[in-house]
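Colleague: Have a look at this one before I ask anything.
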Amino acid sequence: MMSTNDQKRPFRAAITGVGHFVPEYRLTNSELEKTVDTTDEWIRTRTGIVERRILKNGATSDLASGAINDLLKKKNMSASEIDLIVVATITPDMFFPSTACVVQEKIGAKNAWGFDLSAACSGFIFSLVTAAQFVENGSYKKVIVVGADKMSAITDYTDRANCILFGDAGAAVLLEPTESDEYGILDHIVRCDGAGGSTLNILGGGSLNPATHETVDRKMHYLYQDGKAVFKVAVVGMADVSYEIMKRNNLTGRDVDWLVPHQANKRIIDATANRMELDSSKVMLNIDRYGNTTAATIPLCLSEYYQNGKLKKGQTLVLSAFGAGYTWGAILVKWAI
Ligand code: UT7
């Protein structure tokens with residue numbers, strides 16, 4: 001299989017481990033029916049979501065650490081073996097230190113350095129592409145990419161348009177070098193368009209609008225989304241980039257075993273699968289149980305499907321996402337484990 005980046009890499013980066021952590025508490029559609037003006041039927045048909053998990057105590061670093069610890073246990077690996085931790089998140093524990101530093105300490109990865117990467121719902125895609133560079137150029141051998149978001153921390157539970165969408169989770173992958181040309185990350189496309197900034201954001205608390213009583217009163221510390229505007233762009237952007245990565249690698253829907261889409265809305269996922277001419281049985285889905293967990297959605301799918309034995313060595317995957325920024329992208333992967 002051809003990749004456009006083949007020329008320059010001594011190694012390929014392959015995903016060789018997965019793990020995830022979801023909080024126990026389930027916030028169901030019927031529970032939301034009691035607190036905002038919505039219905040289970042509306043939420044299911046417009047989004048595909050039935051319930052989401054909420055972390056009652058703790059922070060994003062706990063979701064990330066839980067996911068990495070699950071991965072380490074499954075790989076029978078020690079945290080001290082990790083070289084680098086990349087945390088994809090838009091809900092860091094705090095502005096600084098980075099969540100990566102907090103996680104490094106929590107899991108005892110005493111030989112690792114790390115950093116956070118902010119790309120909203122494309123956070124895992126952007127982080128995986130970034131982390132893969134360190135593996136492909138031979139700098140590091142064991143790199144963790146973890147997508148973790150405590151979306152409940154930035155959700156206004158009186159805003160019916162948004163509070164039904166989001167949930168909390170963490171999920172991680174391990175990247176290692178492989179000399180095999182067949183397996184691993186084969187190609188990627190990543191994009192951003194800052195013109196989308198006004199439709200999906202948190203305006204308060206940063207250097208532009210530092211926290212004041214007014215920013216709190218105006219609910220500027222909560223996530224704002226113009227859902228309809230984002231939907232229109234996401235439905236085209238995610239489908240386009242997923243189709244493009246197939247096409248430029250001379251693949252059709254028949255050659256792809258799994259689409260691993262960001263889980264924001266089942267209708268966006270369906271449109272992407274249609275554009276790829278992919279049967280719905282080849283689409284990883286867990287939006288019904290978790291909602292949109294932002295940076296965690298894609299690795300959460302990978303971890304669950306691998307754990308259930310549905311994701312198998314040698315399968316061809318297209319990972320794709322669209323999110324705030326706007327940011328979007330797709331990655332072509334040959335599953336290595
Ligand atoms: O992950 C990052 C990127 N984000 C996304 O990809 C999200 C993209 N957007 C979406 O997924 C969808 O736009 C939403 C699920 C957020 C909303 O679905 P929609 O089909 O675009 O609904 P809408 O915003 O056009 O609202 C339709 C109607 C409105 O009522 P009127 O004006 O037609 O009378 C809303 O007020 O549905 C109403 N509505 C609700 N009704 C019941 C909005 N939220 C709710 C609700 N329950 N929770």
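The values are calculated or read from the model by the stated rules, or taken from the named source; none is laboratory data. None of these values were measured; they are calculated from a predicted model. As a convention, Cβ positions derive from the backbone with ideal geometry for all residues, glycine included, and neighbour counts pool all protein chains shown. Only protein heavy atoms, including side chains, enter the accessible area calculation; ligands, DNA and RNA are left aside. Shrake-Rupley method; radii C 1.70, N 1.55, O 1.52, S 1.80 Å.
Colleague: At 1.4 Å probe radius, can you tell me the per residue accessible area of region 119-171 in Å²?
Modeller: 26
Colleague: Given a 1.4 Å probe and heavy atoms of the protein chains only, how would you sort S127, S118, S152, largest accessible area at the top?
Modeller: Listed by decreasing accessible area, they come as S118, S152, S127.
Colleague: I've got another one for you. When ranked by the protection proxy of mean other Cβ atoms within 10 Å per residue, highest first, what sequence do the peptides 82-89, 131-138, 264-271 form?
Modeller: Sorting 82-89, 131-138, 264-271 by mean packing, highest first, produces 82-89, 264-271, 131-138.
Colleague: Still on this structure: I need the shape label for region 93-152. Rule: rounded when a/c is under 1.5, else prolate if a/b > b/c, else oblate, with a, b, c from the alpha carbon gyration tensor.
Modeller: Oblate, since a/c reaches 1.5 and b/c is not below a/b.
Colleague: Using a Gaussian network for the chain with springs between C-alpha atoms less than 10 Å apart, which of these wobbles most: P177, P299, P261?
Modeller: Among P177, P299, P261, the largest mean-square fluctuation in the Gaussian network model of the chain belongs to P177.
Colleague: Follow-up question, since we're still on this one. Hey, any idea what % of region 224-297's accessible area is carbon plus sulfur with a 1.4 Å probe?
Modeller: Whole-percent figure for carbon plus sulfur exposure: 48.
Colleague: Along the positive direction of the dipole of region 243-337 (beta-carbon charges: Lys, Arg +1; Asp, Glu -1; about the Cα centre), which of A273, A295, N250 reaches farthest?
Modeller: Positive-most Cα among the choices belongs to N250.
Colleague: List the relative contact order of region 98-222 as a percent without decimals, with contacts defined as Cα pairs under 8 Å and 6+ residues apart.
Modeller: 18
Colleague: Give me the accessible area of Y25, 1.4 Å probe, in Å² rounded to the nearest 10.
Modeller: Roughly 80 Å² of Y25 is accessible to a 1.4 Å probe.
Colleague: Report the residue, chosen from H221, H262, H188, that carries the largest GNM mean-square fluctuation when the chain is represented by alpha-carbon nodes joined by springs under 10 Å.
Modeller: So, out of H221, H262, H188, the one fluctuating most is H221.
Colleague: Moving on to the next point. Taking Cα pairs under 8 Å and at least six residues apart, what relative contact order does region 1-112 come out at, in percent?
Modeller: 27
Colleague: Hey, any idea what % of region 68-201's accessible area is carbon plus sulfur with a 1.4 Å probe?
Modeller: The computed percentage sits at 53.
Colleague: Here is a further query. Calculate the length of the line joining the C-alpha centroid of region 203-221 to that of region 27-54, in whole Å.
Modeller: 28
Colleague: Then there is this: Send over a whole-number figure in Å² for the accessible area per residue of region 284-337, probe 1.4 Å.
Modeller: Using a 1.4 Å probe on heavy atoms only, each residue of region 284-337 averages 24 Å².
Colleague: Per residue, how large is the accessible surface of region 23-63? Use a 1.4 angstrom probe and give square angstrom.
Modeller: Per residue, region 23-63 has 55 Å² of solvent-accessible surface.
Colleague: Let me ask another. Can you sort M220, M276 by 1.4 Å-probe accessible area, starting with the largest?
Modeller: M220, M276
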